[in-house]
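Notes follow the structure.
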Amino acid sequence: MKVGGHGRNHQIFKFSNCPVHKYPLTQPDYSLNFVQLKFITMDKLEKKRLLEKMARELEDILNSQTSLLKKIAQLEAENINVGNSVLEKRLPDIHEKVDAGISEIGLVMEEFTASKDKFIKDNKLDEALPEGNV
C-alpha cells in the first residue's frame with residue numbers, strides 16, 4: 001500500500017494480528033524536524049542536570065556523615081575524661097554504624113557516578129552546551 005506524505009511515496013508495512021504494532025510502520029522518514037530534535041535533546045540535557053544534582057546531593061550526604069562521625073569521635077575523646085557510663089557503652093556502637101553508613105554511601109556514589117557518566121557518554125552529552133546556553 002502506498003500513501004502520500006510530504007510529496008513522497010511511503011511504503012506502509014502492516015503486521016497482521018500483532019498487538020505490539022498498533023500503528024503501521026513506514027520506511028524511515030528523515031524529515032524529523034528541529035523542534036522534535038530539540039525536545040529530545042532537552043529531555044536528555046534535563047536528565048543530565050538532574051543526575052548531576054543527585055550526585056552533588058550524595059556528596060552532601062557523605063560530607064554530613066563524615067562530620068557526624070567526627071563529632072561522635074570528639075564525644076568519645078571528651079568522655080575519656082568524664083567517664084560517663086552511658087556514653088562509654090553507646091557511643092562505640094553509634095560510631096560503628098555511622099562509619100558503616102559512610103562506607104555504604106561511598107559505594108553508592110561510585111556506582112551512581114559510573115551510571116551517570118555512562119548516560120552522558122552514551123548520549124554524547126559531554127559535548128553539550130553549558131546550562132546557560134540551552
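For the listed peptides 74-81, 45-52, 56-63, a ranking on the average number of other beta carbons within 10 Å per residue, highest first, reads 45-52, 56-63, 74-81. In order along the stretch 97-111, phi translates into HN-Hα couplings of 5, 5, 4, 5, x, 5, 4, 5, 5, x, 5, 4, 4, 4, 5 Hz, rounded to whole numbers, per the Karplus curve 6.51 cos²θ - 1.76 cosθ + 1.60 with θ = phi - 60° and x for Gly and Pro.
The alpha carbon centroids of the stretch 52-87 and the stretch 96-117 are separated by 16 Å. Spin-label model, Leu75/Met54: points 7 Å from Cα along the beta carbon direction are separated by 3.2 nm. Pairs over the 25 Å Cα-Cα cut-off, from the set Lys53/Lys118; Lys47/Lys71; Lys53/Lys121; Lys47/Lys121; Lys71/Lys97: Lys47/Lys71. The stretch between Lys97 and Asn63, if pulled fully straight at 0.36 nm per residue, gains 10.7 nm over its current Cα-Cα span.
No lab work stands behind these numbers, since they all come straight from the coordinates. Quick caveat, the model's predicted, so the values are computed rather than measured. Neighbour counts run over all protein chains shown; Cβ positions are idealised from the backbone, glycine included.
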